[in-house]
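What follows is a single structure, written as structure tokens, with notes after it.
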Amino acid sequence: MVQDLLVGDPGLIPFGQESPTHALMGRFGNLFLVNGAPGYRLAVRRGEVVRFYLTNVSNTRTLNLSFPGARMKLVATDAGPFAHEVWIESVVMAPAERYVVDVQFDRTGDFALLNKVIGLDHLFGRFFPLVDTLGSVTVAAARVRRDLSKSFAALRRLPLPFAAVSTYLHRAPDQTLVLTLLTNGLPYITERLMQLDSIYFAPVEWGGTMPMMNWASTGRQVRWVLRDPASGRENMDIAWTFRRGEPAKIRLVNERRAFHGMQHPIHLHGQRFLVLAVNGVPNRDLAWKDTVLVPAGAVVDILLDTANPGEWMLHCHIAEHLSAGMMMHFTVN
């Protein structure tokens, strides 16, 4: 379990009592924890294959995790295995996403667990590297007794998780959600600088590079919105209904014209779905998920498996966006 906390001299930076602080971008932390503690350590033998069940429990930070120098294989995600296992150099994880990766450590020494991303200086318009070491794996010289190299080298191919998925690729969506933002009464300097910043939005805000403006924005001035364009309803005024056993195609549109474009990890309670396409490009490696990262300006199509009857919620899993209104209700009859 990987997360970041925002810590000052006396401890945790306080949360807003009446409404969330950091409402624009969410609360980025300055202290990384793995399994609740800083400085993760793991000792293995040479040649050992380790299966990591990774979960991002950060408020807002999207991670890009890697073990440089070690071979990584992507196996599964939130609710099941990928149809095709693949070799990867790193794994991108939004808040609430889970990924399963197999990693083989085939030489003696230390392997760092890194979060390696690119930050954006919004004021001066420059990109810069952000690299944080979350921990390390120490590999002993002794060879592992149970050698899994052969099975690790094989990339499994599984049946499609939903055989009729191709019939939904080019079908019109059953429902659409627009992801956007409304503001009122922001400080003058914040509003002016943010309007200048709107010339360019990074698809993913990796590092929270406007900390003071972000901290000063609260849920009283910022309302994050899920809008149903068919009805005009927003957030908890939306009440979709689905029939159990009838898959539904949902289109998520992250509005580029919003006051501050930002990624949203959209999470559905009680259900699973397949990511059909991103920006019109079909997804060739399917797996059951319950959370999908929708970058700024992106359009993501998902196919909802309406197998679980009940009253459920759909929301952004950035905690401050959720607290600033970005949630809605749906029913599976």
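With a 1.4 Å probe rolled over the protein heavy atoms of all chains, the accessible area of W288, W87 falls in the order W87, W288, largest first.
Per-residue ellipticity at 222 nm, computed for the chain from helices alone with -39500 (n - 2.57) per DSSP H run of at least four residues, works out to -2000 deg cm²/dmol. Across V292, V278, the residue with the most accessible area heads the list, and the full order at a 1.4 Å probe is V278, V292.
When ranked by the protection proxy of mean other Cβ atoms within 10 Å per residue, highest first, what sequence do the peptides 99-108, 163-172, 299-308 form? Don't jump to the answer; show the numbers that get you there.
Numbers: 99-108: 18.4, 163-172: 11.9, 299-308: 19.9.
Ranked by mean Cβ neighbours within 10 Å, highest first: 299-308, 99-108, 163-172.
Think of the chain as a dipole: +1 on every Lys or Arg Cβ, -1 on every Asp or Glu Cβ, centred on the Cα centre; then among A298, L74, V2, L74 lies furthest on the positive end.
Rounded, prolate or oblate, given the Cα gyration tensor of the range 161-261, with a/c below 1.5 counting as rounded? Judged from the Cα gyration tensor, the range 161-261 comes out prolate (a/c at least 1.5, a/b above b/c).
Less than 12 Å Cβ to Cβ from R251, Lys/Arg counted +1 and Asp/Glu -1: what total charge do the surrounding residues give? Could the numbers behind the result be given before it?
Working: positive: R171, K249; negative: D174, D228, D301.
Computed value for this residue: -1.
Here the range 32-77 is assigned +1 on the Cβ of each Lys and Arg and -1 on the Cβ of each Asp and Glu. Its dipole about the Cα centre then comes out at about 180 debye.
Using only alpha carbon pairs under 8 Å that are at least six residues apart, calculate the relative contact order of the chain and give it in whole percent. Could the numbers behind the result be given before it?
Working: 849 pairs, mean separation 69.7, N = 333.
This gives 21 percent for the chain.
Pick the calculated mean projected area of the Cα convex hull in nm² for this structure from (1) 22.1; (2) 33.9; (3) 18.5? From the options (1) 22.1; (2) 33.9; (3) 18.5, the structure gives (3).
For a quick check of your reading of the filter: which GluC sites (Glu not before Pro) in the range 1-100 sit in a DSSP loop and have no more than 10 other Cβ atoms within 10 Å? Before the final figure, lay out the partial values.
Values: sites: E18, E48, E85, E89, E97; in loops: E18, E89, E97.
When the GluC sites (Glu not before Pro) of the range 1-100 are filtered for loop state and at most 10 Cβ neighbours within 10 Å, E18 remain.
Each Lys and Arg Cβ is given +1 and each Asp and Glu Cβ -1; about its Cα centre, the range 1-141 then shows a dipole of about 340 debye.
Where does the range 82-179 land on Rg(C-alpha)/(2.2 N^0.38 Å)?
Numbers: Rg = 20.2 Å, N = 98, 2.2 N^0.38 = 12.6 Å.
Compared with the compact-globule rule of thumb, the range 82-179 sits at 1.61.
Using 25 Å as the Cα-Cα cut-off, could you pick out the over-long pairs in K73/K150; K73/K289; K249/K289? Violating the 25 Å limit, Cα to Cα: no pairs. Charge tally around P20: other residues with Cβ under 13 Å, Lys/Arg +1 each, Asp/Glu -1 each, net +1.
The values are calculated or read from the model by the stated rules, or taken from the named source; none is laboratory data. Being a predicted model, the structure only gives us computed values, none of them experimental. Positions of Cβ are generated from backbone atoms using ideal geometry, with glycine treated the same way; all protein chains shown enter the neighbour counts. The area values use the complete protein model at the heavy-atom level, side chains included, leaving out ligands, DNA and RNA. Shrake-Rupley method; radii C 1.70, N 1.55, O 1.52, S 1.80 Å.
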